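A quick write-up on the structure given underneath.
Throughout, read-outs are computed from the coordinates displayed, never taken from laboratory work. Since we're looking at a predicted model, the values are computed, not measured. Every residue, glycine among them, receives a Cβ derived from its backbone with ideal geometry; neighbour counts consider all protein chains shown.
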Amino acid sequence: MSTSPRSGQVRPANAPTDQLSLRRANLSRTLGHLRVHGPRSRAAIAAGTGLHKATVSSLVDELLARELVRETGLEYSGSAGRPGRAVALHGAGVGALGVAINVDYIGVHGTDLAGRVLVERRIPFDATEGGPDRCVDALTEVIRRALDDLGDAGAVPVGVTVAVPGLVDIARGTVVLAPNLGWHDLSLGPRLTAALPAGLRVVVDNDANLAALAEHTYGVAAGSRDLVYLTGEVGVGGGVISDGRLLRGNDGFSGEVGHLPVDPAGRRCGCGRTGCWETKVGLAELIRAVTPDRAYGLDPEPLRVPEERVAELRRRLDDGDPVVSAAVAEVGRWLGLGGAILVNLVNPRVIVLGGYFATLAQWLVPAARPELDRLVVAGRAAHCRFVASDLGFTAAARGAAGVVVDRVIADPTSVGNPTHAVLPTTPAGSP
């Protein structure tokens, strides 16, 4: 029998588990409201959340005790009466760490609960040499240093999310397949958990999904309920936000757009198939087209981080180099073709171009847009546009850190140790 309040059942007054669950939900509701709307008085929080004023006062007291919020001063409503003391998201003592590994780098983004950046770095690293064991060792060392940096900044790390370009079984923390890294069935989550401080939660997820979440939260498409994010790396992945939610699919493997078959007579892909979209628009393909004798380097010594490679491409475009211009235009046309497939499938409002796509967007989009208009069945009625991400190559790591923050927002009782976290006398869900 349902015990939901909507079923007409009366919740027993002496049901502490239900009361605690309800209070936890309302702590989350209050904290989430402050995250979205910024500093608010208790009265404004009550008005914005629909919670009882006395309930909000009790909730704020607990959040203050957990050091997740702070009082910032007086807020004047413009009406008669005493001003309220404003409350703002704080959480300076809570550390969230996001780490992204790709073919040629490891990126780190660490924040506190309010999103203040405490750690950010990108380390050149050849993830294709030495096998997965070397990658796990490198990730462990990078994470340990970043955790120390968070601690030095006064933030206690509460979790780590690792972004990987491949298929990830999130529940097991296993990378099922990461073709560009050469990984198969790698138990990355359990191995990192065993190597890192006890009690630290480690989550492994797909890099494009995490980047899509970052764009949806604080990128150029923030607030858009329907978007597709495209990674522009050596490989190409996609994250889909549909009706405001990340689209994962039945097994969590959605978004592998780089492996859409677009050219049966094309090049063999790292996944083992032929003619994948990635072989037409990935950074490796563009560099191969510009320097066919060196797949990754634009100079005799290969450039190790993607920004350096793309900066050189951009310099050549600015100089009017006809070889680079023609290669970028060709990538743009294939970008429009694949984008049209995505628009026909999921009807996004925005296709966010990440990584090198964003850096070269002013050259790519003019070639991609006509293909999109030509191949989308709904034509311009679909109202979809390409936009360049302003998060650059950091989107996946930022999204990874954001997942840790989201987890704390969802359950504020998971951090802090207040001395007076008791059930309120006024039911927490009372209007």
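May I ask for the angle, rounded to the nearest 10°, between helix 361-375 and the longest principal axis of the chain, with both axes built from Cα atoms and the value confined to 0 to 90°? Long axis of 361-375 versus the principal axis of the chain: about 90 degrees. Compared with the direct C-alpha span, the chain from LYS53 to ARG144 gains 28.4 nm at full extension, assuming 0.36 nm per residue.
Between amide H atoms placed 1.01 Å from N, distances below 5 Å from ILE106 occur with ILE123, PHE125, all of them 5 or more places distant or on a separate chain. Near SER41, the amide H atoms lying under 5 Å from its own belong to VAL87; only residues 5 or more places off or on other chains count, and H is placed 1.01 Å from N. Peptide packing: for 229-237, 391-399, 371-379, 409-417, the average count of neighbouring Cβ atoms within 10 Å per residue gives the ranking 229-237, 391-399, 409-417, 371-379, highest mean first. What the Cβ-Cβ distance of GLN362 and THR72 gives, at R0 = 51 Å and to the nearest 0.05, is a FRET efficiency of 0.80. Remark: the VAL323-ARG248 segment gains 23.1 nm on full extension, using 0.36 nm per residue and subtracting the alpha carbon distance. Using only Cα atoms, find the angle between the long axis of helix 207-218 and the longest principal axis of the chain, and express it within 0 to 90 degrees, rounded to the nearest 10. For 207-218 against the chain, the angle is about 50 degrees. For the chain, the longest principal axis of the Cα atoms and the long axis of helix 306-318 meet at an angle of about 60 degrees. For LEU196, no residue 5 or more places off, or on another chain, has a built amide H under 5 Å of its own.
The string of couplings for segment 94-99 from the Karplus curve (6.51, -1.76, 1.60, θ = phi - 60°) is 10, x, 10, 10, x, 10 Hz, one whole number per residue in order, with x for Gly and Pro.
Using R0 = 22 Å, the C-beta based FRET efficiency linking ASP137 and ALA198 works out to 0.70.
With distances taken between every two different alpha-carbon atoms, the chain has a Kirkwood hydrodynamic radius of 23.4 Å.
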